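Student: If you scroll down you'll find the structure; I have some questions about it.
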Amino acid sequence: MLSAILNGKGRRLPETIAAGSSLRAAFSKSEDMLTASVFERLAYLDAPVLWKLLVATFAPRILPDEQRVELVSVEFWPMWSEASNEIGKSVEPDVVLRLDVGDPARRIALIVECKLDSFQYPDQWAQEWKACQAEMASSDEVQGTYFLALGGFRERPEQLVSRFTEFIRQKHALEIKAAAASWSDLLKAVSRMQPDCQRTRRVLADIYLALELHGFREFRGLNDLAAMPQFRSLRDLDDALTRWKTPSQARAVRDWSFLDSSVPNRPITHHSILAKHWK
Amino acid sequence: MTENLEMQAALVDVRKAYRLVWAYQRRLFDIVKATTDEFEDMGFYYWQTIHTARPANSGSSPFSRWAWDMLPMRRASFLFLNGSTERNLARKGQWMLELHLNSDTGFPVPPINSEPDAADFTPADQCSSELTICAWLCAEDAPCNWFHGVWSVTEWPENDNEVYMSAKPPFHLFRRTFDLAGLGDRASVHAAIVKFKADASAALNTTLS
């Protein structure tokens, strides 16, 4: 959120947000707030964890499986103008990450284009790719570029990437290295990480909550329960319960001890109220 | 020896039962979240166990309490409010969403201070597991807390699909109960909530969004 505000996003509420709405409502509909919330926190992760998460999230698997990774910089909404003559305008990718990966280290740039309630489109990918090449040409340190599309499509990521890269090859004569993921893919990847480090767990939990706030949720249906064979062989528990029936004398003692308590640890009022509620 | 084997088998069942309950609760969380997602800006407000207390605080002995207290999702209500709703002031037209989970209808309404014994319950296969959705619509401005001044002191509608009107606090309620067996996947949850939203809106003469 901080990066979104610092970069001039969210200057005014969208027209779809009614006056008097909560910040939560405004926040949860904003692509920029989601982008900032997620990538600010991704940048807090140790670089190898961040890299592992990105590798697990995006398809096809174009990011190399490297152990040695350093995060060099994260830029939110940089304005790229070096190629504006060719493109006809400046372009503004959502996030640009620069990382040193491998041994010996190779500097790479990740261009991230995020969509929440709109669709990815290939001309934007091509423009950002061209702009990136022009920007990076002024410094020779970046040796590889990858384009990552997050959200804004309904097909499988591999299909989207195949379709878009072919379109860009034909129309713009560009070969781009791209991968894509839905926000739900990111959510799944986050939930499957099993870090030992407490700090990492906290950051990942925050990312998960940010995604949930924007409506991306995992859903395990009750239907699954019926398909879990390990639970199907429960014996007749009613019989077992009869055998284990609490002796009434023990119950009486327990009830008495509760009533005798000088500080009731049971909210008696709740019982009387709720017994009235729930017949 | 035989008794020992039987005990071992019983404890295997206990372990399985705990695992099953975990899997069930994990899915219930998802159902609750998917349900609130169907409404605009609906955030968690309060939760309350029904007929039992919440598990004891860390510094309180649980041993003089009911064992049921350690199973809070046996029956509980979860309340949600729109993000712009003030907690201590109910305004006309604002509403509260209640999701009431009753995991076992075989659990009887207990006489005060007498812990129900599961051995006395109606056999489990003759009972059901239910989720009731209730809309609490404020009919007139009222300076009361939504939990203590509204939810805790207001009778529930006796029946599903009927509007219950409370004069004090001034609220109109509409509820519907779903058998959890019919809410097995996201599509069925979505369909149930869409229908509830439409029917409750019509019954309460408002638009629940």
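The values are calculated or read from the model by the stated rules, or taken from the named source; none is laboratory data. None of these values were measured; they are calculated from a predicted model. Because the Cβ atoms are built from the backbone with ideal geometry, glycine has one as well, and the counts that use them run over all protein chains shown. The area values use the complete protein model at the heavy-atom level, side chains included, leaving out ligands, DNA and RNA. Shrake-Rupley method; radii C 1.70, N 1.55, O 1.52, S 1.80 Å.
Student: May I ask you to list the aspartates and glutamates whose Cα is less than 12 Å away from that of A:LYS89, ignoring any residue fewer than eight positions away on the same chain?
Tutor: Reachable aspartates and glutamates: A:GLU128.
Student: So if I place +1 on the C-beta of Lys and Arg and -1 on the C-beta of Asp and Glu, and nothing else carries charge, what would the dipole magnitude of chain B be about its Cα centre? I want it in debye, nearest 20.
Tutor: That gives a dipole near 540 debye.
Student: Still on this structure, I have one more. Of A:ASN85, A:LEU63, A:SER73, which is farthest on the positive side of the dipole of segment A:43-94, counting Cα position, with +1 on Lys and Arg Cβ, -1 on Asp and Glu Cβ, and the Cα centre as origin?
Tutor: Highest projection toward the positive end goes to A:LEU63.
Student: Report, as an integer, the average count of C-beta atoms from other chains found within 10 Å of each Cβ along B:14-27.
Tutor: Mean shielding count: 3.
Student: Now a separate question. When the solvent-accessible surface of protein heavy atoms is calculated with a 1.4 angstrom probe, in what order do B:CYS144, A:CYS114 fall, highest first?
Tutor: So the residues, ranked largest to smallest area, are B:CYS144, A:CYS114.
Student: Same structure again: Cut-off under 14 Å on the C-alpha distance; same-chain residues fewer than 8 positions from B:LYS16 excluded. Which aspartates and glutamates are left, in chain and number order?
Tutor: By straight Cα distance, B:LYS16 reaches A:ASP236.
Student: Sticking with this one: Using +1 at the C-beta of Lys and Arg and -1 at the C-beta of Asp and Glu, which of A:PHE153, A:SER191, A:TYR121 has the Cα lying farthest in the positive direction of the dipole of segment A:116-203?
Tutor: Of A:PHE153, A:SER191, A:TYR121, it is A:SER191.
Student: While we're on this one: How high is the relative contact order of segment B:38-153, given as a whole-number percent (alpha carbon pairs under 8 Å, six or more residues apart)?
Tutor: Normalised by residue count, the contact order of segment B:38-153 is 28 percent.
Student: Okay, moving on. For B:LYS92, list the lysines whose Cα falls under 30 Å from its own Cα; do not include residues on the same chain fewer than 8 positions away.
Tutor: A:LYS29, A:LYS276, A:LYS279, B:LYS33, B:LYS168, B:LYS195, B:LYS197
Student: If one takes the longest principal axis of the Cα atoms in chain B, at what angle in degrees, from 0 to 90 and to the nearest 10, does the Cα axis of helix B:2-37 lie?
Tutor: Long axis of B:2-37 versus the principal axis of chain B: about 10 degrees.
Student: Pairing the Cα long axis of helix B:186-204 with the longest principal axis of chain B, what angle in degrees results, from 0 to 90 and rounded to the nearest 10?
Tutor: The angle comes out at about 40 degrees.
Student: When averaged across all projection directions, what area in nm² does the alpha-carbon convex hull of segment A:45-195 cover?
Tutor: 8.9
Student: Which value, in debye to the nearest 20, gives the size of the charge dipole of the protein assembly as shown about its Cα centre, when Lys and Arg are +1 and Asp and Glu are -1 at the Cβ?
Tutor: That gives a dipole near 560 debye.
Student: What ³J(HN,Hα) values, in whole Hz, does the Karplus curve 6.51 cos²θ - 1.76 cosθ + 1.60 give for segment A:90-100 when θ = phi - 60°, with x put for Gly and Pro?
Tutor: Once θ is set to phi - 60°, the couplings for segment A:90-100 become 7, 10, 9, x, 6, 9, 10, 10, 10, 9, 9 Hz.
Student: Sticking with this structure for a sec: Residue by residue through B:107-117, how many Cβ atoms from other chains fall within 10 Å of the Cβ on average?
Tutor: Per residue, the number of nearby Cβ atoms from other chains is 4 on average.
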